[in-house]
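Heads up: the structure comes next, in structure tokens.
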């Protein structure tokens, strides 16, 4: 309910940032499909670019929407983690093929859980697409885990799993972005009087939370 009042009273800013990140992941995911396993390690620089850009956009998005979205903190943590991994891969581009999937898998796993959490926030706001976001996020979690446990899945191509992980996370980000666009339009559809009432209710909820803590 708190998310609902927050969405009605405060518009979501820069809703298109997850869209940009999603497109980047999908494009890179499709490209990864074309790379043979022998050159997988050379993708470290490609991964670093994707993670740095995505991390920076996530940080900007989370800070700008700290008053609009209940789960903005998780988005900030995800952005910082992605940015740190991207910088690490830039500094150490010659990372081994054994360790690289661990970094990629861990980063994408965290992002998938973060997107899954947002799907339940969208459910609270009665956004129909929350189910699609949840399913794709779960798929991202599964492929990330397979990527992390790759030595136990020797029959599955490392390149294929990495590409699919990128694509599922990318599509999830796009669905989140389009859903946030709908949330962005909420405040403009209600009267000023109702907005004031909603803000008063939200303030009362926040005060009650502080008292409970």
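The values are calculated or read from the model by the stated rules, or taken from the named source; none is laboratory data. Keep in mind the model is a prediction, meaning the values are calculated, not measured. Cβ placement follows ideal geometry from the backbone for every residue including glycine, while neighbour counts extend to all protein chains displayed.
Summed over the range 66-94, the residues that are modelled with pLDDT under 80 and in a loop (DSSP other than H, G, I, E, B) give a count of 8.
Being in contact with a helix residue (DSSP H, G or I) (Cβ under 7 Å, 6 or more places away or on another chain) and farther than 20 Å from residue 174 by Cα holds for only one residue in 138, 95, 59, and it is 95.
Taking residue 34 as the residue in question, decide whether it is surrounded by fewer than 15 Cβ atoms within 10 Å (Cβ to Cβ), over 21 Å from residue 113 (Cβ atoms) and modelled with pLDDT under 80. Spelling it out, it is not the case that residue 34 is surrounded by fewer than 15 Cβ atoms within 10 Å (Cβ to Cβ), over 21 Å from residue 113 (Cβ atoms) and modelled with pLDDT under 80.
Report yes if some residue within the range 101-118 is closer than 13 Å to residue 47 by Cβ and more than 18 Å from the chain's Cα centre (by Cα); otherwise report no. Checked the range 101-118: at least one residue is closer than 13 Å to residue 47 by Cβ and more than 18 Å from the chain's Cα centre (by Cα).
The condition (being without any contact (Cβ under 8 Å) to a residue 40 or more places away in the chain and either closer than 23 Å to residue 16 by Cβ or assigned to a helix (DSSP H, G or I) (or both)) is satisfied by just one residue among 163, 139: 139.
Is at least one residue of the range 42-65 under 26 Å from residue 80 (Cβ atoms), under 16 Å from the mean Cα position of the chain (by Cα) and not in a helix (DSSP H, G or I)? Within the range 42-65, one or more residues are under 26 Å from residue 80 (Cβ atoms), under 16 Å from the mean Cα position of the chain (by Cα) and not in a helix (DSSP H, G or I). Pairs linking a residue in the range 40-63 that is surrounded by 17 or more Cβ atoms within 10 Å (Cβ to Cβ) to a residue that is at pLDDT below 90 and not in a helix (DSSP H, G or I), with Cβ atoms under 6 Å and 6 or more positions apart or on different chains, are 40/97; 44/93; 44/95; 61/14. Tell me whether the range 8-31 contains one or more residues that are at pLDDT below 80, surrounded by 19 or more Cβ atoms within 10 Å (Cβ to Cβ) and assigned to a helix (DSSP H, G or I). Taking every residue of the range 8-31 in turn, at least one turns out to be at pLDDT below 80, surrounded by 19 or more Cβ atoms within 10 Å (Cβ to Cβ) and assigned to a helix (DSSP H, G or I). For the range 96-124, the set of residues classified as modelled with pLDDT under 80 and within 19 Å of residue 32 (Cα to Cα) consists of 96, 97, 98, listed by residue number.
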